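These notes concern the structure reproduced below.
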Amino acid sequence: MLVAAAVCPCPPLLVPEVAGGAAHEMDAARAACDEALRRLAGARPGKLVVLGPAEPAARGTYVQGARGSFRGYGVDLDVTLGKGDPAPEAHPLPSSLAVGAWLLSRAEWTAAPVEGLGVGEPLNRERCEAVGAQLAVSDERLALLVMGDGTNCRTLKAPGYFDERAAAFDALAARALESASPDQLLALDEELGYELGASGRSSWHVLAGAAAAGRTAAGEAGSGLEGRLLYDEAPYGVGYLVASWS
């Protein structure tokens, strides 16, 4: 059953070594992620699953100790998923999970064993919801670290150029995360999210599926969790949201 979740963006620029001289521009986002992880640890989970968008070859599960790297960004920095010796994985962590692993390392995470899950960005809502429901029954006290960005077309200089629909989509996502509402998250339009480059949409739908499964099991009207929105900005024209559910 889902007992807590932290929602964080996953740009490699969140890692100071990658951002270089512009690292200070993401200070507030990093601080919000730190707070979300503190709240996550405070829920005393039995297992943590880090999930985030992944390319087809990197989709699927990753064990604790799975390795990731930021060498592709010109930085001599490697990470492992959780504590312990690096595991001999066939595939390295996708970028989103590598950023999640970096956040856990920064937080010195020891609160629970860690697993990873790479989620296909185009995965439809029903499949995402089903994946979340499966996760919810995998541990009596499940926690999720949900990696993913909002739309990438908030300004003219954004990676996806400007789209006037982007701000409204991100605002809907922010309200859903702040209210810890599975129904509001599931109401996010998957096709529109894909058009607007919202890489976090599929991950957020997995979160909604896990929370809804727990709600059904407990016979509750909401998710049974309290939401708090910790960060909502669009540096570089990309919507970045940080939220805590506990």
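The values are calculated or read from the model by the stated rules, or taken from the named source; none is laboratory data. Everything numeric in this text was worked out from a predicted model, so none of it was measured. Quick reminder, even Gly has a Cβ in these numbers, built from the backbone with ideal geometry, and neighbours come from all protein chains shown. With ligands, DNA and RNA removed, areas are computed over all heavy atoms of the protein, side chains included. Shrake-Rupley method; radii C 1.70, N 1.55, O 1.52, S 1.80 Å.
For the pair R141/S69, report the inter-label distance in nm, with labels modelled 7 Å from Cα in the Cβ direction. Label-label distance for R141 and S69, simple model: 3.7 nm.
Please give the charge dipole size of region 138-246, origin at the Cα centre, charges +1 on K and R Cβ atoms and -1 on D and E Cβ atoms. Round to the nearest 20 debye.
160
Near L103, once Lys and Arg are set to +1 and Asp and Glu to -1 for all other residues with Cβ below 9 Å from its Cβ, the sum equals +1. Here the 3J(HN,Hα) profile of region 92-100, calculated from phi with Karplus coefficients 6.51, -1.76 and 1.60 at θ = phi - 60°, is x, 4, x, 3, 4, 6, 5, 5, x Hz, Gly and Pro shown as x. Sorting the segments 38-46, 197-205 by their mean number of nearby beta carbons within 10 angstrom, highest to lowest, gives 197-205, 38-46. Evaluating 6.51 cos²θ - 1.76 cosθ + 1.60 at θ = phi - 60° for every residue in region 59-72, the Karplus couplings come out as 6, x, 9, 9, 8, 4, x, 4, 9, x, 8, 10, 5, x Hz, glycine and proline recorded as x. Here the chain is scanned for GluC sites (Glu not before Pro) in DSSP loops (not H, G, I, E, B) that have at most 14 other Cβ atoms within 10 Å, and the longest stretch holding none of them is 1-107. Counting 0.36 nm for each residue step from A23 to F162 and taking away their Cα separation leaves a gain of 47.6 nm. Share of the chain's accessible area from carbon and sulfur, percent, 1.4 Å? Whole-percent figure for carbon plus sulfur exposure: 50. The mean accessible area for residues of the chain, using a 1.4 Å probe and ignoring ligands and nucleic acids, is 42 Å² per residue. For region 72-138, the dipole from Cβ point charges (+1 on Lys and Arg, -1 on Asp and Glu) about the Cα centre works out to 160 debye, to the nearest 20.
Remark on L145: its backbone amide H falls under 5 Å from those of A6, V49, V50, L51, a criterion applied only to residues 5 or more positions apart or on other chains, H modelled at 1.01 Å from N.
Of the peptides 4-13, 60-69, the order by per-residue mean of other Cβ atoms within 10 Å, starting with the highest, comes out as 4-13, 60-69. Note on the chain: dipole from Cβ charges, positive end direction compared against P16, G132, A111; the farthest Cα belongs to A111.
Determine the sum of side-chain charges near G120: Lys and Arg each +1, Asp and Glu each -1, restricted to other residues whose C-beta is under 10 angstrom from that of G120. Spelling it out: positives minus negatives among the neighbours equals 0. Rounded to the nearest 20, the Cβ-based charge dipole of region 1-69 about its Cα centre (Lys and Arg +1, Asp and Glu -1) stands at 420 debye.
What is region 1-158 by shape, rounded, prolate or oblate, if you read a ≥ b ≥ c off the alpha carbon gyration tensor as root eigenvalues and call it rounded for a/c under 1.5, prolate for a/b larger than b/c, and oblate otherwise?
Verdict is rounded for region 1-158.
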